[in-house]
Structure formats: structure tokens, C-alpha cells
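So the structure is just underneath, and the comments pick up after that.
The values are calculated or read from the model by the stated rules, or taken from the named source; none is laboratory data. Treat the numbers as computed from the prediction; the structure is a model and nothing was measured. Counting neighbours? That spans all protein chains shown, and the Cβs are built from the backbone with ideal geometry, glycine included.
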Amino acid sequence: MYSKVADDTSRKDIRILVVEDVDFNQKILADILAERGWQSVIATSGEEALALLAQDTDFQVILMDIGLPGIDGMETTRKIKENQATLAIPVIALTAETAAEQERLLAAGLDGYAEKNFDPEQLFAAIEKHLFPAGANRQEAVDALANPAEHLDLNFATLLATYADEAILCRIALAFFADADKELHLLGEAMSACDRTAILACCHSLKGSSTIFTAKKLAMATKELEDCVRQGKKIDAESAWNKVLAAHESLRKAVKSRLGLSI
Amino acid sequence: MQPDYSTILIVDNAEFIRMIARLRLEGAGVPPRNIHEAENGQQAYDLLVAKEIPNILCDYEMEVLDGIELATRLFITEKRKGLRFVLFSGTPMAKITAALAETGLDIPVIPKTLLRENWTKTELVGTWFPELATFLSQQQK
């Protein structure tokens, strides 16, 4: 069953209702969903989710924690599926349960499940199965979001909010560039040698660090290179490699100018 | 030698990742002196021979003795008891779970995405390293 709103798969303003009571989990899920450019709306209980859905049904997917206090996730889902206005919205269970238990969730009316391990790729796959059921326009939508030029070099506001101290931020930035410079050097060598395994290993590492550093432009450029290499697109890979270098240089300038570091 | 459950070892080849993990642990209340670091599995193993550190937060992919190789050596080859070993990685979980299934190891795996958020004693440290969380609770009293 697919949400009627999700039929327009090229739209970028995808809204996902996250029903989760733990504050930390809410934050991490919102953060992961934002990677795809998706909006998240949080409900901290089944009751709050139902109240919210009574006012607003424009959600393409609902992520449902099962072990909620009060009305649990199963009961909340049952009520969602009883309501004509919301029954078409796919509900994906977030669960740490066993495979047998997950099958029970599906039998109980949930549309899918994702393991509650905060693995972005697994979560994206579980959601995209419902957003882009036939695969149509998925690449177009993802490509549009993956354009590195659209992203910031670095999200200073987030970093400062997280670390609350510019001195710590400087230490983090220095450590980031020490590692990133090393990875870029190795990546350059791997590109010259057309060493697919080494390129993918470097991309994996650089993409992970860039994401944690909130350097979205570099992370997205690295992902583009990784995708090109995985798909064997040699000419596109050259262009993506240049984007990685440009994003790295742009990031360096942004950090130098903002933090006054000699990097 | 009695393990000191207030200590923890971070294993990752990237200085940046080790630093962020350290900040997260410090933020959860772990004293800086109780946090140890190693750049790869071999360096971690050498440290664990010299010093009994029962809590280990270890990267999955490393060039010299990766996370699963280190866990295999500790749990299967040496049959060490009382260790809390958590793998963390940016690799898709399914791949790691499959690799773990081959070895028969039953250890938790968490994505590095979690490094982007602050950790708390109860939410995360308590889940993975319960004895460390108990130590932190006692420190607060």
C-alpha cells in the first residue's frame, strides 16, 4: 500500500512523521532523514501522533516506534489504518526485534520495518521502497538532492551548538583536515592507478568523516564519486573527483576564514 | 588482574573519529584519563595485553587487524571473558552482520552516524557499556 501523495515521486518536500518517545532517537532520526532532504515531524507518543494526524495527513511515510509508553506502536498503527484519511500512509515499524517478531508486525498491519540501529542506508531503503515503489524518478530525485553545489561547505551553527566551544571546534577541524588530507592523497593515488577497491575504501572513509563534520558538500561530492566508481562510469568519475577536490578546497577556505586556522 | 570497568578503549584509524568519540564519552561523564585510544586493531591488542580495559568501541574497517579480526582474537582465540565490545562503522549494517554471522561472534554494531549526537549515560553508554554507566552513576552520587 502506498501513500497517494507519494505518487508524485519527483517532489522533494517529502514529510515523514516520526513517532518516537526517546529524545536522542528523535534527533538522530531527524538528522538522518535530513540527509535526503526530507522533513521530519516528531510525535513523542501514539496519542500525539493520532492528534497530529487528525489535523494534518500530508505525510508520505510514518516511522513508528513499537515500544511507546501509553498507546503502543501496534495500537497506534491499528488506529491509523482504521481511519480513511490516514490508512494509505505507509507505516514502517522501528524495531530491534527478531525476524519472527518483524513478520508478526507485518501481519498486524504495518507496511514495513527497519531495524532500530540508525543505519542510514537501511532506513533509506525501507522508506524509499514506499516513496518510490516502481523506482520511477527515484534517481532523478536523489540526483537533484545530491548536487554538491546546493550544499553548504560546513554547518557551523550545528557544530557550535554541538560542541559549544570554538577551541574544541578548532581541534576537531585540525583533526578532520589531518585525516582528510591523508585520505585525499591516497584517493588521488588510487584514481591514478584506477584501483577500484582503494578508491571505494577512501571514499567510504572520507564520506563518513565529512558527514560527521557536517561538511555536506564534500560528503555529497565523495558519494557521487563512490557511485560513479561502483557503476563503472569512468568519465563521470573523473568529473566527480574534480568536484571532490573543489569541495575540499572550498571547505578549507571556509574553515580558515571562520576559525582563523592555518590549514 | 581485575578489569577496571570505568575505562574504555576507542579504536579507529582516523584521528578525527577518535576525537569525536572521545568528546562524546567525555560528554557522557567518562573522565578523560579513563579513555584510551588505538589507531588499529593490532595497536589495540597490544594495549589490551598490557592493560585490562574491558570496554572497547572499535571501528569495523581498519587496515591492520580490523574490528572483527580483533574481536575474533579476543573472544574466540583467547576466549576472554568480561569484555564489552561494540563495533562502530559507516559500512551498511547488513554487510557487517553477515560478516559477524560467519564468525559466530555476537557483538553489537552501531553506525558512526551516532557520533553526530551527544551521548548520555543512560541512553547510549548504558546500553552498550552497562558497567561503565554504573560507574558514572556512582560518580555522580
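Checking each residue in the stretch B:68-98 for being within 14 Å of chain A (Cβ to nearest Cβ) and in contact (Cβ under 8 Å) with a residue 12 or more places away in the chain picks out B:V86, B:L87, B:F88, B:S89, B:G90, B:T91, B:M93, B:I96, B:T97. The residues of the stretch B:26-57 that are away from chain A (no Cβ under 14 Å), surrounded by 20 or more Cβ atoms within 10 Å (Cβ to Cβ) and either free of Cβ contacts under 8 Å to residues at least 24 places away in the same chain or hydrophobic (A, V, I, L, M, F, W, C) (or both), listed by number, are B:V30, B:I35, B:A38, B:A44, B:L48, B:I53, B:I56, B:L57.
Is it the case that some residue within the stretch A:192-212 is over 23 Å from the mean Cα position of the chain (by Cα), surrounded by 15 or more Cβ atoms within 10 Å (Cβ to Cβ) and aliphatic (A, V, I, L, M)? Yes, because at least one residue in the stretch A:192-212 is over 23 Å from the mean Cα position of the chain (by Cα), surrounded by 15 or more Cβ atoms within 10 Å (Cβ to Cβ) and aliphatic (A, V, I, L, M). Of the numbered criteria (1) of a type in the set (A, V, I, L, M, F, W, C); (2) more than 14 Å from chain A (Cβ to nearest Cβ); (3) over 23 Å from A:E121 (Cα atoms), the one B:I10 fails is (2).
For A:L160, work out the one condition from (1) of a type outside the set (D, E); (2) outside any helix (DSSP H, G or I); (3) over 19 Å from the mean Cα position of the chain (by Cα) it doesn't fulfil. (2) is the only condition that A:L160 fails. Of all the residues in the stretch A:110-125, those that are crowded, with 21+ Cβ neighbours inside 10 Å and away from chain B (no Cβ under 12 Å) number 3. Inspect all residues belonging to the stretch A:92-113 and state whether any of them is aliphatic (A, V, I, L, M), modelled with pLDDT of 90 or more and on the phi < 0 side of the Ramachandran plot. Yes, the stretch A:92-113 has at least one match.
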